[in-house]
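This report refers to the structure that appears directly beneath it.
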Amino acid sequence: MLNGTEQQNSLPDFLFEAQTLLTKSDECLSHLELFTNDKDAIEYLLSALLSLANKADGLAINGITDFSLRINRLLSLAYPHINLQGDALRALKNCFTLLAWQLELIDADTGMLLLDDDEQFELLSSFAAVVGLEDELAALVPNTTPSTSLKLDFSAMAHRH
């Protein structure tokens, strides 16, 4: 965990990198409207989510870490088994929109993001329902904080792509 000075110095870099990742992710989501299930676009989204999660984890911004990992997991399970178009693509876009909004709410002085996760869960539930992964979502969102094993599972997935 970073001390206050390290976090204060790292936070602006993180926010800049996160904005860059989300801008490119938004372009990929728009690309997917034209070219359903484009492998390069989806792989970028998966990679961007893992990168964002890792960077947020380094700054102990758990809400961003967990949400990014959960979106990544659902997307990686859904692709290539479903077509990311229509409701599925809209639900995925909504997750990215909330992620971007939550990044804007991070306190620049403290690095804190004080939110409940109801909105995250609602959007993850919508995406999971559209792609038929409701059972997987239940495993991803336990009543307690995500375990280290969940994070290790995602790390292993990064090597797969």
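The residue that is farthest from A128 (Cα to Cα), among those in region 89-102 that are over 11 Å from the mean Cα position of the chain (by Cα) and hydrophobic (A, V, I, L, M, F, W, C), is W101. The number of residues in region 127-149 that are modelled with pLDDT of 90 or more, surrounded by fewer than 17 Cβ atoms within 10 Å (Cβ to Cβ) and of a type in the set (A, V, I, L, M, F, W, C) comes to 1.
Rundown of residues vs (1) at pLDDT 95 or above; (2) surrounded by fewer than 21 Cβ atoms within 10 Å (Cβ to Cβ), yes/no style:
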{"residue": "L49", "(1), (2)": "yes, no"}
{"residue": "N54", "(1), (2)": "yes, yes"}
{"residue": "N62", "(1), (2)": "no, yes"}
{"residue": "S68", "(1), (2)": "yes, no"}
{"residue": "I71", "(1), (2)": "yes, no"}
{"residue": "A88", "(1), (2)": "yes, no"}
{"residue": "L98", "(1), (2)": "yes, yes"}
{"residue": "S125", "(1), (2)": "yes, yes"}
{"residue": "K151", "(1), (2)": "no, yes"}
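Checking each residue in region 69-88 for being of a type in the set (G, A, S) and within 16 Å of the chain's Cα centre (by Cα) picks out S76, A78, A88.
Restricting S47, S25, S10 to residues that are touching a His at 6+ places or on another chain (Cβ under 7 Å) and touching a residue at least 40 places away in the same chain (Cβ under 8 Å) narrows the list to S47. Among the residues making up region 61-118, a single one is of a type outside the set (A, V, I, L, M), touching a Gly at 6+ places or on another chain (Cβ under 7 Å) and not in a helix (DSSP H, G or I): D117. Being more than 16 Å from the chain's Cα centre (by Cα), modelled with pLDDT under 95, surrounded by fewer than 16 Cβ atoms within 10 Å (Cβ to Cβ) and under 19 Å from P12 (Cα atoms) is the requirement here; does D107 meet it? Considered against the rule, which asks whether it is more than 16 Å from the chain's Cα centre (by Cα), modelled with pLDDT under 95, surrounded by fewer than 16 Cβ atoms within 10 Å (Cβ to Cβ) and under 19 Å from P12 (Cα atoms), D107 comes out as yes.
Condition first: of a type in the set (A, V, I, L, M) and either over 27 Å from M112 (Cβ atoms) or outside any helix (DSSP H, G or I) (or both). Can you find one or more residues in region 49-56 that meet it?
So in region 49-56, the residues of a type in the set (A, V, I, L, M) come out as 49-50, 52-53, 56.
Now narrow it down to the ones that are either over 27 Å from M112 (Cβ atoms) or outside any helix (DSSP H, G or I) (or both): none.
No, region 49-56 contains no residue that is of a type in the set (A, V, I, L, M) and either over 27 Å from M112 (Cβ atoms) or outside any helix (DSSP H, G or I) (or both).
Residues of region 73-86 being among the small types (G, A, S) and surrounded by 15 or more Cβ atoms within 10 Å (Cβ to Cβ), which ones? Working first, answer last.
So the first thing to find is which residues in region 73-86 are among the small types (G, A, S), and the list is 76, 78, 86.
Those that are among the small types (G, A, S) and surrounded by 15 or more Cβ atoms within 10 Å (Cβ to Cβ): S76, A78.
The values are calculated or read from the model by the stated rules, or taken from the named source; none is laboratory data. Since the model is a prediction, treat every value here as computed from it, not as a measurement. For neighbour counting, all protein chains shown are included, and Cβ atoms are generated from backbone atoms with ideal geometry for every residue, glycine included.
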